[in-house]
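> I'd like to ask some things about the structure below.
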Amino acid sequence: MSEPSLPTASVPRLVILLNSARVEAPESMAIPLRYAVTAAAMDVAVEMHAVSRSVALFRRGAADAALLAQIRQAVALGVELFACPVALTEQGCRADELIDEMAGVRGAASLLVAGLEPGARFMVF
């Protein structure tokens, strides 16, 4: 996992909170990923923060080939993926079990700092 970048006020920022996406329903990632990819293609800085049970989707081996390809496309366009440390603990998952595409582990304060930057917007799924 690479070091996360710090938010910059000069670039529009979209912070996507993944709360309802589930391993049992990987298609629940389709819409958030579509918005993330579209925004990134429009030169918007995009962060996706997985919380609650959504972090389990980013455990190695959890995503099917199609979902993993969508995640990789998003990351290739500059989308940064983060997992909540509390959610990881609740799901019995360690940071070293996450897919390589994850930018890191960040808690609620980091999510709020990114989302409260000038020009930032939140989307919740």
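> Any chance you could check the Cα centroid distance between the stretch 54-77 and the stretch 16-47 for me, in angstrom?
Each part's Cα centre sits 10 Å from the other's.
> For the stretch 19-119, what is the percent of antiparallel DSSP beta bridges, rounded to the nearest 5?
25
> Under 13 Å from the Cβ of ASP100, count the other residues' Cβ atoms, weight Lys and Arg +1, Asp and Glu -1, and hand me the total.
Cβ neighbours under 13 Å give a net charge of 0.
> Which of ALA45, ALA108, ALA74 moves the most in a Gaussian network model of the chain with Cα springs under 10 Å?
Top of the fluctuation ranking is ALA108.
> Which three extents, in whole angstrom, do the alpha-carbon atoms of the chain cover along their principal axes, largest first?
Principal extents (largest minus smallest coordinate, Cα): 37, 27, 24 Å.
> Let me ask something additional. Cut-off is 10 Å between beta-carbons; in what order do SER54, SER28 appear when sorted fewest neighbours first?
Least crowded to most crowded, the residues run SER28, SER54.
> Still on this model: Can you list the residues, at least 5 places off or on another chain, whose amide H is less than 5 Å from the amide H of MET48, using H built in the peptide plane?
ILE16, GLU80, LEU81, PHE82
The numbers here are math on the coordinates, done by the rules we state, and not lab data. Computed from a predicted structure; not experimentally measured. As a convention, Cβ positions derive from the backbone with ideal geometry for all residues, glycine included, and neighbour counts pool all protein chains shown.
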